[in-house]
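Derivation of every value follows stated rules applied to the coordinates shown; laboratory data play no part. Since the structure is predicted, the reported quantities are computational estimates derived from the model, not experimental observations. When we count neighbours, we look across all protein chains shown, and the Cβ atoms used for this are built from the backbone with ideal geometry, even at glycine.
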Amino acid sequence: MRGDYFDRARTLAVTLLVLAGAMAIAGSFLDWTTQGELPEEILMQQGGGLLAELSEPVTGFDAGDGKVAIGAAVFVLVGALLLAVTRQGRYGLLALVASMVIGAVAIAAYRSLDDTTSDFFRKLDLAGEIDPGIGLILCAVAGLLGVLAGALGMISSPKESTG
């Protein structure tokens, strides 16, 4: 690998940002929820008739929050591309902020899984114990990775000249 330390760090940041963007997009189409155990009272009331419907996993795209994560992931990817081409730290900042959105959406959805009064829980008509799916975890990790890589991209880029 040629170049100085900052060039290598920027290359690493761009690579990690592309990975984070791809993870967020993939995670948005994967399961965000999985059905845990159903309480006895639901099993008694439903007589087992709606078990197949209740056990269906929900993707981030179906939930709606995955669309926000995909939109933010596009900004992460654009920031990575512009960081690689222009070598300006402001594009690392763009990717960092977009990654914060991805992480915030994923963490808010994750926290809503246990709260039966949350909009996320009610909007999806979830019942019983709901566990996080692989897509939700992937989006949360993508948000964290993007924040770290965006910060690395910012600090590894030269300051823009003011004159």
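What ranking do 80-86, 6-12 get when scored by the average of other Cβ atoms within 10 Å per residue, highest first?
Details: 80-86: 18.4, 6-12: 15.9.
Going by the mean number of other Cβ atoms within 10 Å, highest first, we get 80-86, 6-12.
Between beta-carbons, use under 11 Å as the cut-off and find the net charge around Asp31, counting Lys and Arg +1, Asp and Glu -1.
It works out to a net charge of -3.
Thr15 to Val85: extension gain in nm, 0.36 nm per residue of separation minus the Cα-Cα distance?
23.9 nm
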